[in-house]
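What follows is calculated from the coordinates using simple rules that are stated; it is not laboratory data. Bear in mind that the values here come from a model prediction, so they are computed numbers and not experimental data. Here the Cβ is made from the backbone with ideal geometry for all residues, glycine too, and neighbour counts use every protein chain on show.
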Amino acid sequence: MSVPESSAIRTSSPAAGRSTPSTSTAYSASGAMTSTSADVSAGSTYNSEGESSKLVEAGSDPTAHAINLASYIFNVGYLAQNWTDVRLAFFGEAIQLHRSGSCSVYRADSMLTAKSSFPVVPGFHASSWEVHRGGVHICIQHLYNPAQHLVNASNARSVLATAVLFDGMPELAEHAYGVLATSISEENAVQYVQWLQAPPNDGFGTMYGSVMVNGQEAAAWDEDSPGRYGEWSKRLKRDVIEFLLHSFPDHLAQSSSTLSSDPRLLSLYSTLPFELFKRCVESPDLAIQSKQDRFAFAKKVIAQRKKAVAATGMEEIAVLAFKGGDDGMEVHVTRKPKRKTALLKVEG
């Protein structure tokens, strides 16, 4: 049996009623070899019960042992690339990994179907799905050693997308979600909206049995609409809506006397997809509670959206309906094909 480099070997030959010294031989990363000798009877007991013999260290901390072992595997196995038996290729590069260390469903499925003794897990080019090189490296490292500390606002999307794609690391996906949820701002809210309303079966979404939803923009902001990232998509959508309805307007209200004419709120709402704009304006939770003010706000937003909407051949209309509601009024926003102006031929 060959002994892998950078490993430690402990041998012991217990006899009835007594213990014998054991010798530990360790190979460092640099290749240097050291040997130590220890008496098994000193601080340890030998237990021969059960199917296999176990050396139980008296007073040892199993948690500390597990941490030390994990650190050893991460540094010597992953960073130093020892004992590898699988290769993952992505974005023009490849990294060697270990079958036994895979809690990733994506990797496990790929390895189960591989015929080679040293299989190559299929690579991917999914930048449109927000899977990028940095996120892949963080997720791979997390398979060996907790990597939550590497997640920040600039890479959290990629980490979440890759963690969902790989599967098997919900704690990392949850952490990335938390970073994203607390990073929504006036500057990036529209980017979040565009990212979250992408159809679930685009790119790698098909791996999880997602289906295309007819009228994807309308369905994207429905309460039960599927998303690329499963439950995290739904939670992030709720966070974005909360930001649009409460967090941002409440922030503006501290310095603005009239939200219905605040240029920053008008500018943000003018860039929203129609169904999300409609949902927010018609929501009873919108910070602009007066129906008259809300109606005026909707008309101002529509005026700013008019040029972009006209290019699609549509037109948007705000209506103040005198029915329902506590004060007998409701604001509705509709969208319909723009009517063409009739041209009359006049003969002289």
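A simple spin-label model places pseudo-atoms 7 Å from Cα toward Cβ; at A89 and E171 they are separated by 3.3 nm.
What is the packing order of peptides 305-311, 64-70, taking the mean over residues of other C-beta atoms within 10 Å and listing the highest first? Working shown, then result.
Working: 305-311: 12.4, 64-70: 10.9.
For the peptides 305-311, 64-70, the packing ranking is 305-311, 64-70.
Applying 1/(1 + (r/R0)^6) with R0 = 22 Å to the Cβ-Cβ distance of T258 and D285, what FRET efficiency is obtained, to the nearest 0.05?
With R0 = 22 Å, the Cβ-Cβ based efficiency is 0.70.
Relative to the current alpha-carbon distance between K306 and Q292, full extension at 0.36 nm per residue lengthens the span by 2.9 nm. Take the Cα of I317, step 7 Å toward its Cβ, do the same at T182, and the gap between the two points is 4.7 nm.
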